[in-house]
Structures are given as structure tokens and as C-alpha cells.
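I have placed the structure first, in the form of C-alpha cells, so that the comments after it can refer back to it.
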């Protein structure tokens with residue numbers, strides 16, 4: 001189920017602006033890869049190219065390849081909608097659909113894709129909510145609106161929604177930045193569990209978090225304002241945080257800049 | 001010992017957050033007076049109009065024949081009859097206008113917000129909608145007259161009125177729907193795309209339902225507005241004192257047209273039959289529009305995203 005990602009010489013543009021310069025990296029299946037780096041260095045942008053969400057912004061485009069188990073998701077024959085069904089995403093701010101109940105939020109992806117069998121949807125909703133460690137908290141109020149939950153619960157609802165469509169890869173764009181420490185811990189535990197079934201890429205500003213949850217870490221940086229961001233180094237998390245090969249990485253993680 | 005000294009010292013000096021300078025107090029008072037004054041000035045004519053309409057119009061409203069008969073069988077100075085024919089005309093013409101304008105206006109708004117981006121077509125469309133919203137109703141009426149009656153040779157009818165009202169309603173629907181669609185957060189669209197939902201389905205199932213409550217409100221306001229329009233009625237349809245369900249032929253009354261016809265042909269003396277008819281029709285129109293607005297509020301509450 002989990003698939004590997006290989007990014008080859010990926011250049012990312014917003015119109016004429018060159019946002020990210022020539023990224024090459026690999027993400028093995030059933031692992032957690034963390035993207036760290038200062039604001040504006042392009043880590044979220046790289047993440048969004050991995051499931052073709054980048055091109056939702058008008059004028060945005062990429063050059064290079066992103067391979068999912070060897071298949072280029074940017075080849076002209078590929079339908080971005082299919083790519084996004086395979087590679088799910090969780091966003092920085094929890095964004096449950098305000099018109100839908102908790103249950104309908106979880107199964108929204110399947111329902112909108114045409115699944116009508118209510119009983120099957122109930123089962124999937126329960127499995128996804130259990131998977132997101134939210135089931136016990138919401139099982140008695142599945143028909144309440146998604147907006148009635150707390151921020152941390154909403155974010156876990158969004159994770160449940162993302163895993164309900166059974167993707168191969170889960171992308172997380174600073175999933176804990178709007179949450180309190182307890183909710184953050186809940187989500188980090190969840191990531192450790194999800195790792196058994198999914199390939200996970202997470203963007204985070206919290207270096208302790210990167211160190212806690214990830215197997216490998218990629219450090220992005222940019223030379224200056226208006227310059228494209230670039231991948232400085234990617235390595236095992238332990239190595240990055242104890243003995244990085246680049247001076248810039250060491251400066252960043254030790255808090256000397258950024 | 002020192003602590004008591006500190007205590008007395010603290011109490012002796014005035015509390016830091018309670019010192020408001022006289023100048024600030026004066027400015028505050030002035031601003032308060034101005035705000036209240038503007039409020040009263042704005043509300044006074046509203047209350048006055050409402051009072052006049054109710055006081056002058058209430059006489060005939062409570063009778064059932066006011067709501068169930070037309071003026072076909074009563075003389076112009078004879079007490080009796082009702083405005084059923086005009087209510088039917090107003091509702092039919094308004095409904096037909098809404099049936100044409102709402103889908104058209106909604107589709108234009110969806111194009112502008114979801115597909116147009118900054119494209120030239122979108123800019124031209126926005127500009128045209130702006131111009132259309134500034135067109136006086138008499139111009140819309142004359143345009144339809146030239147097109148429908150002079151060019152196509154079709155008869156003056158309630159439907160021609162609906163067409164002129166469409167020209168007036170579309171820009172309002174486009175504008176309000178556009179605004180409502182724009183305030184749907186992009187987060188929701190992205191969340192839907194990220195689940196592998198195609199764009200058209202995202203618009204249909206996520207964006208529209210989220211904006212629906214506001215769109216309904218805007219449509220109803222636009223409808224209430226065009227139902228009170230008069231110029232197209234004077235140009236595009238003849239008055240009939242009888243009930244006419246047919247939008248496409250013969251004269252068809254409506255409340256504003258009835259008021260204008262009575263004014264032109266009947267006595268306006270207070271207490272006379274004509275006077276009562278005009279003000280009765282005015283109050284009837286106000287009541288219909290109030291009911292529509294009330295319905296709009298109820299419906300948009302029902303479909304609004306819920307918090308609890």
C-alpha cells in the first residue's frame with residue numbers, strides 16, 4: 001500500500017518567480033520524512049508539488065520529475081485528480097467542511113467519488129476515526145457538525161478524512177502549528193502509528209518535533225530574499241541533529257540563525 | 001511595616017486606568033451624539049413611510065374579498081372587489097424573472113470566482129455587469145420593447161415585463177453570489193482537491209453549499225427589489241382589471257401598475273374609493289415583500305453551516 005517517492009531535479013515556479021531550485025530526494029515507503037527550514041525556503045511548496053496541489057495556484061508550474069513507485073506524476077497522461085486520490089494531504093489549519101457532520105466529513109472523499117452504500121460508509125468512518133485516535137471522543141455525536149469540535153479534534157478529523165480514502169502517501173503541512181501541546185502529542189503519536197501503513201512527509205517548524213517523529217530529515221534554505229529555496233541536505237534524522245554535514249544545517253538546528 | 005506604607009501610598013495616588021482627560025470625554029460625547037443623530041435621521045423617513053402606508057392602506061386589507069377578487073366587476077367608484085389579479089401578476093412576473101435570472105446570474109458568478117481568475121473575459125464580464133447594474137429601469141424596458149415588440153413583433157405581455165426585470169435582476173444576483181462565493185475559504189477548496197475530488201464536484205458539493213445561505217439572501221433581496229419596479233410595467237404590458245394567468249398574452253395587472261392606473265383614472269381624494277385602492281395595493285406590496293424577506297431569512301438559516 002505505501003509507496004516510495006523519488007524527486008528528480010525538480011524546479012518550482014510561481015509565474016516567473018523561481019521558488020525552489022533543483023530538488024532531488026527520495027522518500028522510502030513506510031517512513032516519516034521531515035522537511036525543516038526557515039520561513040519562505042520552499043519546504044511547503046515542495047510538499048505541495050508531491051500531490052500536484054501546487055498547480056492549484058494560478059501560474060504555478062514545475063520542471064523535473066516526481067516519481068511515485070517509478071511512475072512520473074507529472075507526465076502529460078496523468079490526471080491530477082487521480083494523483084490526489086493516491087497521495088493525501090493534511091493542512092496547517094484544520095479545515096473540516098462546515099456544511100457536513102463529523103461522519104460526513106470523514107467519508108466526504110468517498111461520498112463525492114460516488115460511494116453511496118451508507119453501511120459501508122459507516123464502517124469506513126469508524127475505521128478512519130479509530131485510525132486517527134478520535135473515535136472514542138466523537139462516537140456519540142457523529143451527526144454533529146465538524147465545526148463543533150476543538151482545534152486539535154478538528155485536525156484529527158482532517159487526518160481521518162485524509163486516510164478514509166486509503167491513500168498510499170500522506171503529506172502533512174505543519175499539522176500541529178495551530179494546536180496546543182496536548183493535541184500536538186496526540187498527533188505525533190498518531191504519526192508514529194500511521195507510519196506502519198503509510199509513507200509520510202511532514203513539514204514542521206518545530207525541530208524537536210522533526211527529531212521526535214521522523215526517520216529522515218531534509219533541511220531547506222534560501223540564499224537571500226528573492227532567491228530560490230534549495231535543499232541543503234537530507235539524511236537520517238539522527239545524523240542531521242547530531243552531526244550534519246553542512247555548516248548551514250548545524251547553524252539552523254542549533255538556533256544560530258533562522 | 002513597609003508593606004502598610006506602600007499600601008497607603010498606592011491608595012493615595014489616583015488609579016492609573018481611571019484617568020480620562022476632559023478632551024477625550026468631550027470627543028466621546030460628541031461622537032456618541034453624532035452617531036445617534038445619524039441613526040435617527042436615517043430611520044425617521046423609514047418609519048414615516050411605513051406609518052403612512054399602513055395608516056392609509058389598512059382599511060381594505062382585512063376583507064377577504066380584497067385577496068380573492070379583482071376589480072373587473074366593480075365600478076371605479078364602487079366599494080368592493082380586490083387585488084387578486086394584481087397579486088397574481090406581480091408574483092408571476094417576479095417568479096418568471098427569477099427563473100431566468102437566478103441560474104444565469106449564478107453561473108456567471110461561478111465563472112468569475114472559480115474559473116475566470118484575472119482573464120480578459122472575466123474582466124470584460126465584470127465591467128459589463130457593472131454597466132448593467134447602472135442601467136435605469138426605463139432603459140431596460142425600452143430595450144425589451146425594441147427587441148421583443150418592435151423587432152420580433154410579439155405582443156405586449158407580462159412575459160415582456162419579466163424579460164426587462166431580468167436585465168435589472170441579473171447584475172444584482174451576479175454581484176451578491178460572487179461576493180458569497182469569494183468568502184468561501186480557499187482552505188475548503190484545497191481540502192476537497194486533496195481528497196481527489198474534481199473541481200466541478202468541489203464547486204457543486206463543497207463551495208455552493210457553504211455559500212448557499214448567503215446566495216439565497218441575495219436572490220430574495222434582488223427579487224423584492226424588482227417586484228417593486230414600475231417603468232417596465234408602464235411600457236411593456238397593458239392593465240387589466242380581470243385576473244389573467246397568461247404571462248404571454250393580453251394585459252396583466254400587477255400591484256405597481258394597478259396603483260398607477262388608479263392614480264391616473266380614479267379619484268385621489270382621501271377616503272375615496274381610488275385612494276383606498278392605491279394605498280391598499282401599496283400595503284399589499286409591502287406585505288408581500290416582507291413575507292419574501294422573512295422566508296429568505298428562514299431558508300438561509302436552515303441551510304447555513306451549523307456550529308453546534
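Only the coordinates and a few stated rules stand behind these numbers; no lab work does. Here the structure is a predicted model, which means the values were calculated and not measured. All Cβ positions, glycine included, derive from the backbone under ideal geometry; neighbour counts span all protein chains shown.
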Once every DSSP H run of n ≥ 4 in the protein assembly as shown is given -39500 (n - 2.57) and the sum is divided by its residues, what mean residue ellipticity at 222 nm do you get, rounded to the nearest 500 deg cm²/dmol? -16500 deg cm²/dmol
Within 10 Å of each residue's Cβ, count the other Cβ atoms and sort B:67, B:148, B:200 from fewest upward. B:200, B:67, B:148
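If we count other beta carbons within 10 Å of each Cβ, what is the order of B:239, A:74, fewest first? Before the final figure, lay out each step's value.
Values: B:239 21, A:74 18.
Fewest-to-most ranking of B:239, A:74: A:74, B:239.
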For a footprinting-style exposure proxy, rank A:18, A:54 by other Cβ within 10 Å, fewest first. A:18, A:54
Given the protein assembly as shown, what percent of its DSSP beta bridges are antiparallel, to the nearest 5? 55
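Between residue A:75 and residue A:141, what is the FRET efficiency for a Förster distance of 35 Å, r being their Cβ-Cβ separation, to the nearest 0.05? Walk me through the numbers before you get to the answer.
Details: r = 45 Å, r/R0 = 1.27.
Result of the calculation: an efficiency of 0.20.
For residue B:187 and residue B:204, calculate 0.36 nm times their separation in residues minus their Cα-Cα distance, and state this gained length in nm to one decimal. Can you show the working numbers first?
Values: separation 17, 0.36 × 17 = 6.12 nm, distance 1.59 nm.
Extra length from residue B:187 to residue B:204 when fully extended: 4.5 nm.
Taking 8 Å as the Cα distance limit and 6 or more residues as the minimum spacing, I'd like the relative contact order of region A:116-258 as a percentage. All intermediate terms of the calculation are to be shown ahead of the outcome.
Values: 136 pairs, mean separation 22.5, N = 143.
About 16 percent, as a whole number.
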Contact order relative to length of region B:115-266, as percent, for alpha carbon pairs under 8 angstrom and 6 or more apart: 30
Mean-square fluctuation maximum in Gaussian network of chain A, Cα pairs under 10 Å, restricted to A:107, A:232, A:46, hits A:232
Cα gyration tensor of the protein assembly as shown, axes a ≥ b ≥ c as square roots of the eigenvalues: rounded (a/c below 1.5), prolate (a/b > b/c) or oblate? prolate
Listed residues B:186, B:246, B:130, most fluctuating in chain B (Gaussian network, C-alpha, under 10 Å): B:186
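Assuming a ≥ b ≥ c are the square roots of the Cα gyration tensor eigenvalues, decide whether chain A counts as rounded (a/c under 1.5), prolate (otherwise, with a/b larger than b/c) or oblate. Write down the numbers at each step before the final one.
Values: a/c = 1.94, a/b = 1.45, b/c = 1.33.
It comes out prolate by the Cα gyration axes.
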Expected max-MSF residue from B:219, B:173, B:273 in the GNM of chain B (alpha carbon, under 10 Å) is B:273
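Work out the mean other chain Cβ neighbour count within 10 Å for the residues of B:226-236 and drop it here as an integer. Provide the component values of the computation, followed by the final result.
On the way: counts 0, 0, 0, 0, 0, 0, 0, 0, 0, 0, 0.
For this peptide, the per-residue mean of nearby foreign Cβ atoms is 0.
How high is the relative contact order of chain B, given as a whole-number percent (alpha carbon pairs under 8 Å, six or more residues apart)?
Numbers: 371 pairs, mean separation 76.0, N = 308.
Reported relative contact order: 25 percent.
Compute the Cα gyration tensor for chain B, then decide on rounded, prolate or oblate, letting a ≥ b ≥ c be the square roots of its eigenvalues: rounded whenever a/c is under 1.5, prolate when a/b is larger than b/c in the other cases, and oblate in all that remain.
On the way: a/c = 2.66, a/b = 1.43, b/c = 1.86.
Oblate, because a/c is 1.5 or more while a/b does not exceed b/c.
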